[in-house]
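> Dropping a structure here in structure tokens format, bear with me for questions.
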Amino acid sequence: MTAQPQPRRAGPREVLALAVPAFLALVAEPLFLMVDAAVVGRLGVVPLAGLGTASSVLLTAAGVFVFLAYGTTSVVARQVGAGSPRGAIEVGTGGVWLAGGLGVVAALVVGSAARPIAGVFGSSPEALDQAVTYLQVSALGLPGMLLVLSATGILRGLMDTRTPLVVSVFGFGGNAALSALLVLGLDMGIAGAAWGTVIAQWGMALALLAVVLHRGRGVGASLRPHIGRVVSAALDGAPLLVRTLALRAIILLTVYVAAGFGDVPLAAYQVTTTIWSLLTFALDALAIAGQALTGASLGGGDADGAREATTLMVRWGVWGGVGLGVVILLLHRAIPHMFTQDPQVQAAIAGGLVVIALAQPLSGYVFVIDGVLIGAGDGPWLAGSMTLVLIAYVPVVALARSLGDGHGDVVSVVVLWAAFTVFMLLRGACMAWRIRGDAWAVLGAERPRRG
């Protein structure tokens, strides 16, 4: 008779053991973009504006499939909490095979339709040409990017955030060296930055898949493609896909408005978005810990443990946001010089950073609760609430466009980030209401898709 697993109570040590490596690994992706932004920024305002458009498209193409990491973490962690390491690996590999197929499709779509996709943002013809060049090359890295997501999700569910950290460190180092060599050394322009990122992404994917393969063999798990597991991964991830599509729609609406303000606000928005992404992933490290620990606690039948960990991580998330906000406020005039020498872009970046800094405590709360609900498998509710927030955000961003248009580059960027902060307020209010109840805390090795 198999012994029932004992409930896992996550204290500060357990949270930190997951969150610290997760933070260092998570910042790799925005660091990729920061390296590209810093290198491409030396080429001028137009290439930097083009990178802003292209980065938004690529992040959307990959971001809509973030369920490959988030959903996989949840289902794997539940199996771990229930005492089944073999089952954990096997349910996770369904996401890996799904990631490979979706990555190929995404690469074909983005690569073949780069110009009409980038043209949707309404940037200048010169910036559009730069964006198309970057997109056509970077599309080749999309399958690798999605494989990284799925493999990372498996390892997080196994309570291993250190391996993704090690792989990310080598990936970031390789990307930085390649971008500098190809853009500045070999004079390949914006295409060189894209090639550096593609090579780094595929290197990370192969390394992580090798680790998953080794872990699977160690517990006798079957890693061959299984249609049932692939379908299950798709069904489990569908609500998170809807949630992420709504979130990306909000982000793309904001980029669209930024592009309408002109090249200087768009370039400034690209840099501030890159910094916001870095801060987001820093705070999201606690959300990653929340996904894994919540899934394991609920899988082991311990709802009280899940709530205790949530209270601890929310407190840390808010105070972490306060700390990050103070740092950004102190450096908001120095940071722009890292990305551009254009004084107009520098001023617009500085203005946007002030708003971003003030919103960080709110971000800390939102990201932690989001991670807890994902770890609980509460995808359907997350999908519905984010869709409602999207609907509410449309008039907000429309008002921002009217307020920022014709009032200068700095005002345009500040108003745009103020509108995005309103979105975060709406999102946080919905999550505060949900977490107060008990409907999200379903116990068991598997969470029913209905009921």
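The values are calculated or read from the model by the stated rules, or taken from the named source; none is laboratory data. Just so it is clear, the model here is predicted, and its values are computed rather than measured. Here Cβ is always computed from backbone atoms with ideal geometry, including for glycine, and neighbour counts include all displayed protein chains. When the accessible area is computed, the model is the full protein with side chains, heavy atoms only, and any ligands, DNA or RNA have been set aside. Shrake-Rupley method; radii C 1.70, N 1.55, O 1.52, S 1.80 Å.
> Any chance you could run the full-extension gain for A113 through L184? It's 0.36 nm times the residue separation minus the Cα-Cα distance, nm to one decimal.
22.8 nm
> Could you state the angle between the C-alpha long axis of helix 85-112 and the longest principal axis of the C-alpha atoms of the chain, as a value from 0 to 90 degrees rounded to the nearest 10?
The answer is roughly 20 degrees.
> If you line up the long axis of helix 12-26 against the longest principal axis of the chain, both from Cα atoms, how many degrees apart are they, to the nearest 10?
40
> Moving to a separate point now. Per 10 Å bin, what is the whole-percent P(r) computed from every C-alpha pair distance within the chain?
5, 22, 33, 26, 12, 3, 0, 0
> Right, next: What ranking, highest mean first, results for peptides 101-114, 135-148 when packing means the other Cβ atoms within 10 Å averaged over each residue?
Top to bottom by mean Cβ count within 10 Å: 135-148, 101-114.
> For segment 286-392, count all C-alpha to C-alpha pairs, find those more than 18 Å apart, and express that count as a whole percent of the total. Don't skip to the end; give the middle numbers.
Working: 3433 of 5671 pairs.
Result: 61 percent of Cα pairs exceed 18 Å.
> While we're here: What full-extension length gain, to one decimal in nm, is calculated for A17 and R86 as 0.36 nm per residue of separation minus the Cα-Cα distance?
Fully extending the segment from A17 to R86 adds 22.5 nm.
> Within segment 234-388, what whole-number % of the accessible surface is contributed by carbon and sulfur, with the 1.4 Å probe and all protein chains included in the calculation?
The value for segment 234-388 is 72 percent carbon and sulfur by accessible area.
> Continuing with the same structure: Could you check the spin-label model distance between V442 and V104? Points 7 Å from the Cα along Cα→Cβ, value in nm.
3.2
> Compare the peptides 293-306, 188-201 by average per-residue count of other Cβ atoms within 10 angstrom and give them in order, highest first.
Working: 293-306: 24.9, 188-201: 23.1.
Most protected by this proxy first, the peptides run 293-306, 188-201.
> So, one more: Going by alpha carbons, how many degrees (0 to 90, nearest 10) lie between the helix axis of 303-331 and the longest principal axis of the chain?
Taking Cα atoms only, the helix is inclined about 20 degrees.
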